[in-house]
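Note sheet for the following structure.
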């Protein structure tokens, strides 16, 4: 039986990248604050966060374009601080691709190898191999203006990978592509990374992209790490309201803990309504304020209250977002809170039994939500 790839779960595993208490200031502004993080060899690691959170600054420090004011950045145990960007075993792929318009695909890819003085025969072999991997062999003689956006993206990727870096940094690499091509290219990136075994670190603000390609994600907020976890854990077990809200769609209900016992709590979230039941290993004392995070696909919607429902609240359908394969219902509760419920569209939209302004019930199981204390 093959064990899942999870070197971060092995206390004995040595990381490839080790950031130790890194701080970066621009004047009085701290773009990155006392940040510690490890990234392991062969990981496809994503740094995710809103604009201004420090993710690009963090990547620029890894590349050597910025120097930390405090802390250390180690690669394979070596301190990167005194090593200039061109001497680091690190390559970076920019969003703009920065291809040479007067050079063919083949010559664009070979450019960095020629500058390093690598023998011609080796250059030819390496360029041929990488073009085959990224499916550019038939476009070797074309120039960038003769390529599609996706093809130019693959040229930039090949040029970065042909130098065989230990670490490849990708700065919003798919941002210039349309949505369908971006989704297709995400899987291409994953296959290439898995084939080569190169450690990839991608910076993005696109949550879906990060969730699709990465082995782990670091969510940043205001220069600090909010949470580092696998995509599944971030989505199913967020540690804060910020992470729950930033990753995917969510409804957050505020309440007061009324009862707490091993395995679950009661949460008073609405007047004149029964306490909500939440399964949780964390049992805060009665009287504590807590929040229940609910993903819309875990919430059911019906015209009548289902018998034996663990948690049930009544409300009015305020809006319906039809997304083809699914519909998301926005239901306004008696206290004005909007709760989202999501259903697969197994029938055509004109045949659904619930529509705008209908009074409905939203229900969910005790283990459907996550109890948050911050």
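The values are calculated or read from the model by the stated rules, or taken from the named source; none is laboratory data. This is a predicted model, so every value here is computed, not measured. Glycine also receives a Cβ, built like all others from the backbone with ideal geometry; neighbour counts cover every protein chain displayed.
Annotations
- Only one entry in 56, 67 is surrounded by 14 or more Cβ atoms within 10 Å (Cβ to Cβ) and not in a strand (DSSP E or B), namely 56.
- Scanning the stretch 70-111 for residues that are on the phi > 0 side of the Ramachandran plot and in a loop (DSSP other than H, G, I, E, B) turns up 76, 77, 97, 98.
- Qualifying residue in the stretch 311-323 (condition: modelled with pLDDT under 90 and under 29 Å from the mean Cα position of the chain (by Cα)): yes
- Contacts under 7 angstrom Cβ, first residue in the stretch 243-265 being on the phi < 0 side of the Ramachandran plot and in contact (Cβ under 8 Å) with a residue 60 or more places away in the chain, partner in a strand (DSSP E or B) and exposed (fewer than 14 other Cβ atoms within 10 Å of the Cβ), 6 or more apart: 265/259
- When residue 282 is tested against (1) part of a loop (DSSP other than H, G, I, E, B); (2) over 27 Å from the mean Cα position of the chain (by Cα); (3) surrounded by fewer than 17 Cβ atoms within 10 Å (Cβ to Cβ), just one condition goes unmet, and that condition is (2).
- Test: residue in the stretch 148-167 that is over 32 Å from the mean Cα position of the chain (by Cα) and either assigned by TED's automatic domain parsing to the domain that holds residue 184 or in contact (Cβ under 8 Å) with a residue 40 or more places away in the chain (or both): no
- Residues satisfying the criterion are absent from the stretch 47-54 (criterion: free of Cβ contacts under 8 Å to residues at least 40 places away in the same chain, touching a helix residue (DSSP H, G or I) at 6+ places or on another chain (Cβ under 7 Å) and under 19 Å from residue 229 (Cβ atoms)).
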